[in-house]
Amino acid sequence: MAKFLIVSDTHGDRDIIADIFDHWRDAVDGLFYNGDSELSANDDVFDGVSTVIGNMDDDPEFVAARATTLAGVTFFQTHGHLYQATQFNAWANLKLMAAAAHDAHAQVALFGHTHLEGAVMFEDVLFINPGSIRLPKGPHADLGGTYAVLTVTDQAYQVRFYNRVHQLVPQLSVDVPR
Ligand SMILES: [Mn+2]
């Protein structure tokens, strides 16, 4: 079993990134930040964290996308704006990210940008958007922001969403077989 923390779109709220990473660092096998921190790529808060550039990030040291393999799981990670992730009247447009995830031989794709949390299987890739912890949008925006924790077992992917004070939001849980 392996566990991964996924956070995105904090838009200047450095304290919440530090708080979430401190809360989970010792309990997970990988930390992902999906862009739009509006911080520097070499900020201390990103020590040991896999990051990508968001459309609101100025530091060219952030990469556009990356593939990372941890505990036998290959992740494709990107913010989403470079892959047309925003789709009117839908959760997200996953087509271009799915093609890139396939090219990377990834089982899991991580993105942000839309500020709409969720997790779905699409073209044999598990897509996870943790939502924005600071500027949430959509039907669950009244939660005040979310981040995600992925647990991978031999049989399943379990995606859990948490609010800003680390409370589980059970109704958002997604479980899919591997
Ligand atoms: Mn954003």
message = Here's a check for you: in region 88-113, which residue that is closer than 17 Å to Pro130 by Cα and without any contact (Cβ under 8 Å) to a residue 12 or more places away in the chain is surrounded by the most Cβ atoms within 10 Å (Cβ to Cβ)?
response = Asn93
request  = Go through region 57-134 and tell me which strands (runs of 3 or more DSSP E), entirely inside it, have 2 or more residues that are of a type outside the set (A, V, I, L, M).
outcome  = 65-70, 73-78, 118-122, 125-129
Region 64-81, subset buried (at least 19 other Cβ atoms within 10 Å of the Cβ) and not aromatic (Phe, Trp, Tyr), residue farthest from the ligand (Cβ to nearest atom) = Val73
remark   = Cβ pairs under 6 Å, 6+ apart or interchain, first in region 114-136 and at positive phi, second part of a loop (DSSP other than H, G, I, E, B), ordered by first then second residue, are His115/Asp9; His115/Ser132; His115/Leu135; His115/Pro136; His115/Lys137; Gly118/Trp91; Gly131/Glu117; Gly131/Thr146
request  = Go through region 19-48 and give me each residue that's surrounded by fewer than 18 Cβ atoms within 10 Å (Cβ to Cβ) and within 16 Å of the ligand (Cβ to nearest atom).
outcome  = Glu38
key: Single residue of region 49-63 satisfying the filter (among the hydrophobic types (A, V, I, L, M, F, W, C) and within 16 Å of the ligand (Cβ to nearest atom)) that is surrounded by the most Cβ atoms within 10 Å (Cβ to Cβ)   = Val52
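Only the coordinates and a few stated rules stand behind these numbers; no lab work does. Computed from a predicted structure; not experimentally measured. Glycine gets a Cβ as well: all are built from the backbone with ideal geometry, and neighbour counts include every protein chain shown.
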